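> Below: one structure in structure tokens.
The values are calculated or read from the model by the stated rules, or taken from the named source; none is laboratory data. Since this is a predicted model, take the numbers as computed values, not measurements. Don't worry about glycine lacking a Cβ; one is built from the backbone with ideal geometry, like all the others, and counts go over all protein chains shown. Keep in mind that these areas ignore ligands, DNA and RNA; they rest on the heavy atoms of the full protein, side chains included. Shrake-Rupley method; radii C 1.70, N 1.55, O 1.52, S 1.80 Å.
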Amino acid sequence: MSRVVHVLRAGRLSYQAGLDLQRAVSSTVANSPNGPLRNVLILTEHDPVYTVGIRTKAYGPEEERRLKLLGADFFRTNRGGLITFHGPGQLVAYPVLNLKNFQPSVRWYVCHVEKTVIELCRRFGIRAETTQDTGVWVGGGERKICAIGIHASRYVTTHGLALNCDTELDWFGHIVPCGIEGKGVTSLSRELGRKVTVGEVTGTFLDSFRDTLECDLEELDEDGKLALVGSSSK
């Protein structure tokens with residue numbers, strides 16, 4: 001079945017290691033459309049890092065130095081969206097999908113990523129929505145709970161989403177998150193008034209992803225994980 005998505009639980013990675021893993025996985029997906037790994041969902045957490053997308057011009061060398069002095073890495077990427085933060089307590093999901101197995105439409109894909117997060121929030125008792133700005137929001141569109149930034153090449157997707165579970169939100173105070181003035185950032189923990197870990201959220205995320213994209217999920221065994229992770233380090 002072409003709508004089988006293999007789940008790769010990568011653990012905590014540096015952002016560079018995450019990029020390398022995405023490159024290896026996307027190469028496998030793009031070059032073997034009839035192979036056993038047609039679609040892969042990478043789940044990870046990152047060490048503290050600020051990343052900017054292709055449209056960000058405001059964060060030049062001086063700003064990069066300033067942010068690095070805070071103890072975070074800094075990367076310029078080819079994803080959509082503006083500046084954001086990734087760090088511990090944040091569920092980062094990189095769906096590396098061949099959209100020809102689903103719907104060959106980037107707009108369709110982004111919409112379904114948004115729906116996945118909105119459904120997850122609903123299952124936690126939180127009303128979430130999209131706005132004219134990117135990502136998923138709560139509080140009537142005033143507080144961003146999930147950043148979304150994707151890249152697609154020949155209908156193979158990379159990058160993805162970052163859902164704040166129990167993220168230290170002070171990191172966002174040093175930037176204008178996603179370039180949007182006057183809006184806040186929140187987390188599942190802050191909205192629910194209790195600690196909500198990445199581990200608690202992951203199962204619900206997978207259920208929501210499976211139901212929204214109408215796919216089957218298969219966990220990669222250790223051999224499959226080692227093959228992909230090993231190829232990313234070459």
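> Between region 1-60 and region 111-189, how far is it from one alpha carbon centroid to the other, in angstrom?
18
> Using a 1.4 Å probe on the protein chains only, how many percent of the accessible area of region 4-231 belongs to carbon and sulfur?
Carbon-and-sulfur percentage of accessible area, whole number: 48.
> Put +1 on the Cβ of every Lys and Arg and -1 on every Asp and Glu Cβ in the chain; which of LEU217, THR134, GLY18 then has its Cα farthest towards the positive end of the dipole?
Positive-most Cα among the choices belongs to THR134.
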